[in-house]
Ligand code: TXA
Ligand code: MG
């Protein structure tokens, strides 16, 4: 199969929507990361997603909808809090987990009695989902364990020859995945992401964030994730962080490694002549650039990455979460 990269013209969006209607899979842009979609009600199509990604089939998928009404095709138990969050945050980078209807195939939810639902805000995603006319389940469009794709080219790098089309919507604004909140029981956050915990707490009260554990409640949590080939180290955030990172960098050099530092713009000069990639000026920019830079580090032959830590506020919490996973917990 030859994978075609399509500009998001009306004609091309229709080609991609027809592919979904005919039981195929298509990669499409969202404001968080690119997704690999299939018709949620077509089990054969859904299985193609798991095969293309090499994704374990006990890791359920998020179902993407174009309108609020479609949520009721997936769940008949939509609590008032869900409606509040839908009103406040959708379309946007929030995924809500609700009790599922029996009509949602269990291959989508990996046998759980709940379904994860999200309404992306990216204009191309919205046009595509509306044209598909069915809810579209989609995980991130990367090979399992690789950093999520934030450019159409990343999708091609991972899935070329395995899927027919990538709808090219340019660079994903947010750059990390959606925040997932479980509303099927006492509300709690299953995954930190594009929407800050503090924003949600304005409507939900204090929220627990599910901790990583060996028995996975959000099944995606038990897998290695977001990993480039290079070994990743995450620095804790503290006042002399730059010194600690320089020390680690120099140690890696002394044992013949080829390291690079991911740094906020304001700190870059302090690393002197060491290899540095700038993540941008703000945490928003750090999130936006993170997965792209991790992929770039591999492409450029670095075999160790030291990432600056951030505070856990807002999207900072999602950055820390992704880097802990990418580093396999190697914190310096
Ligand atoms: O921003 C995003 O959420 C992107 C874009 C494409 O929408 N999607 C995404 O999908 O990140 P994926 O597969 O990479 O992550 C989906 C996560 C997994 O950790 C999975 O375990 C969890 O959602 N999940 C899906 N259904 C669930 C459910 N019913 N209960 C708990 N967790 C669920
Ligand atoms: Mg993913």
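At-a-glance table
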| quantity | calculated |
| --- | --- |
| Between 0 and 90°, nearest 10: helix 316-326 axis offset from the chain longest Cα axis | 80 degrees |
| Mean shadow area of the range 43-155 over all directions, Cα convex hull, nm² | 7.1 nm² |
| Helix 123-132 vs. the chain, principal-axis angle (Cα, 0 to 90°, nearest 10) | 30 degrees |
| The chain: angle of helix 241-254 to the longest principal axis, Cα-based, in degrees nearest 10 | 80 degrees |
| Residue exposure sequence - 90, 119 - by fewest surrounding Cβ within 10 Å | 90, 119 |
| Antiparallel DSSP beta bridges within the chain, as percent of all bridges there, nearest 5 | 40 percent |
| Against the rule of thumb 2.2 N^0.38 Å, how large the Cα Rg of the range 91-213 comes out | 1.14 |
| For 99, 202, order by how many other beta-carbon atoms lie within 10 Å, fewest first | 202, 99 |
| For the range 39-69 and the range 262-331, distance of Cα centres in Å | 30 Å |
| Expected 222 nm ellipticity per residue - DSSP helices of 4 or more, -39500 (n - 2.57), all of the chain, to 500 | -9500 deg cm²/dmol |
| Per-selection Rg to Rh, the chain - Cα, Kirkwood hydrodynamic radius | 0.97 |
| Quarter of the Cα convex hull surface for the range 267-332, i.e. its orientation-mean projected area (nm²) | 4.6 nm² |
| Inter-label distance for residue 171 and residue 281, nm, one decimal - labels placed 7 Å from Cα along Cα-to-Cβ | 1.5 nm |
| Full-extension gain in nm, residue 11 to residue 88, via 0.36 nm per residue minus C-alpha separation | 24.5 nm |
| Projected label distance in nm at residue 185 and residue 243, using a 7 Å step from Cα toward the beta-carbon | 4.6 nm |
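Values quoted throughout were computed directly from the atomic coordinates according to the rules given, and no laboratory measurement underlies them. Every value quoted in this text rests on a predicted model; they were computed, and no experiment measured them. In this analysis, Cβ positions are derived from the backbone assuming ideal geometry, glycine residues included, and neighbour counts consider all displayed protein chains.
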